[in-house]
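J.: Have a look at the structure that comes next, please.
The values are calculated or read from the model by the stated rules, or taken from the named source; none is laboratory data. What you see is a predicted model, and the numbers here were worked out from it, not measured in a lab. Here Cβ is always computed from backbone atoms with ideal geometry, including for glycine, and neighbour counts include all displayed protein chains.
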Amino acid sequence: MLLTDPTVEEKNGSKKTVAITVAVVVHVVLLLIFALIAIVVNTEEEPELIAKVVAIGPEEQPKMKKKTVMKQVKQASAASAASPIAKMLRANTTARIVAPKVTRVSDGPLGLGEGDFGDGFGAGSGGMGSGASFFGMKTSGKRFMFVLDHSASMSGQQIELRDRELEKALKALPATVQYNVILFAGGCLYAEKGWGLTNGGGGLNYSVTGPGDKSYPFKGKSAGDFEFDGPDSGLPKSKWLPATKLNVKHTMEFIKGIKKFFGTDWGLALKTAMNIEPAPDTIFFMSDGTGGNSPAPILSYNKKMGSAKINTFAMQTKQGAAQFNEIAEKSGGKFMIVTKDGDAIDGAKYLKDPGKFAGKL
């Protein structure tokens, strides 16, 4: 035997070394394959957890917390479904979900919760609605129309009080809310740049002009009975204004710069307010008297155009109180009377006991 030939023991040792090396390599490869399968399944086939959240009473909460929701991972392939790693992944997709406490919200418009207004005004929870306050009356919505008496019978003190409360209300609105203002007497017009009116004779005929020199003729039979020369759909129309500081500034400048005019007709002014698109959520309507306007046609038209809530305000008068109250009550609004001191009292309570408020108007 030559000295260079390996012995039997050496040959057997070499074979064992090779076998061990091959086994290690195979196991490493298998581990890498299983790891890849786990990653692919975990990223592409994430378990979809579905839970239904319901409001539960205190006595039911312990039981609710013990419930679990599970959905198995879909099989990546026939081979991987049978593998131990796939089984392990499916077992780990069980998730425990405990229903959170559900915050109680009101069933009012736009899902506003209780106490959303704070000091007279505030934004609704989660941006789902906003509120406005006029003479202390608070309401919710996203679009607010102010329909305000600008007739010759309004005194300087009444005009000043009205404008102060209006400016306060508009400045409190967030820019996400929309508003507009209509001034009325025998006819009506929007309180915006580009609007105006001329007297066609005797204070009974007005030609209201809007942007683009569009004309809207109003003809009066008496101080409290005016008609629009055209269909209701042709009444003055404008667009909603975002409640930005600049828009509010321009609105107030217009109101303080326009002269009062003759007549008082509620119906035409309120129909004009209802014609704007989209329909208003809330109308704040204020007048110092009535021209004999019947609530029935006003309420019927409101129902046809969108059923806005109409809050009514009698400015330092009891005249027309019954009509004010009926319009507010049947539209879901509220009737208030503004006293000579600038306070607001509940109009419905006044009608039940006028003597209680003697001397305040």
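J.: Residues that are touching a helix residue (DSSP H, G or I) at 6+ places or on another chain (Cβ under 7 Å) and in the same structural domain as R162 (by TED's automatic domain parsing): which strands (runs of 3 or more DSSP E) entirely in segment 172-232 hold 3 or more of them?
T.: Ranges flagged: 178-184.
J.: Same structure, new question: So how many residues does segment 156-186 have that are without any contact (Cβ under 8 Å) to a residue 40 or more places away in the chain and more than 25 Å from the chain's Cα centre (by Cα)?
T.: Residues meeting the conditions: 4.
J.: Right, here's the next one. Restricting attention to segment 136-153, and to residues there that are surrounded by fewer than 22 Cβ atoms within 10 Å (Cβ to Cβ) and hydrophobic (A, V, I, L, M, F, W, C), which single residue is nearest to K259 (Cα to Cα)?
T.: If we take residues in segment 136-153 being surrounded by fewer than 22 Cβ atoms within 10 Å (Cβ to Cβ) and hydrophobic (A, V, I, L, M, F, W, C), then A152 is nearest to K259 (Cα to Cα).
J.: Ok, one more. Could you look through segment 228-268, keep only residues that are buried (at least 19 other Cβ atoms within 10 Å of the Cβ) and over 18 Å from W195 (Cβ atoms), and pick out the one that is modelled with the highest pLDDT?
T.: Only one residue tops the list, namely A243.
J.: Now a separate question. Taking segment 122-153 as the region of interest, how many residues are among the hydroxyl-bearing types (S, T, Y), at pLDDT 90 or above, out of contact with any helix residue (DSSP H, G or I) (no Cβ under 8 Å at 6 or more places or on another chain) and assigned to a strand (DSSP E or B)?
T.: Going through segment 122-153 one residue at a time, the tally reaches 2.
J.: Which members of segment 212-246 meet the condition of being of a type in the set (S, T, Y) and in contact with a Phe, Trp or Tyr (Cβ under 6 Å, 6 or more places away or on another chain)?
T.: Within segment 212-246, S238 is the sole residue that qualifies.
J.: Here is a further query. Could you check segment 332-361 and list, in sequence order, the residues that are buried (at least 17 other Cβ atoms within 10 Å of the Cβ), out of contact with any helix residue (DSSP H, G or I) (no Cβ under 6 Å at 6 or more places or on another chain) and farther than 17 Å from R162 by Cα?
T.: Correct list: G333 only.
J.: In segment 275-320, which residues are under 23 Å from L241 (Cα atoms) and among the β-branched types (V, I, T)?
T.: Once the filter is applied, which keeps residues that are under 23 Å from L241 (Cα atoms) and among the β-branched types (V, I, T), segment 275-320 yields I276, T282, I283, I310, T312.
J.: Six or more apart or on different chains, Cβ atoms under 9 Å: show the pairs whose first residue is in segment 214-231 and at positive phi and whose second is among the aromatic types (F, W, Y) and at pLDDT 95 or above.
T.: G230/Y216
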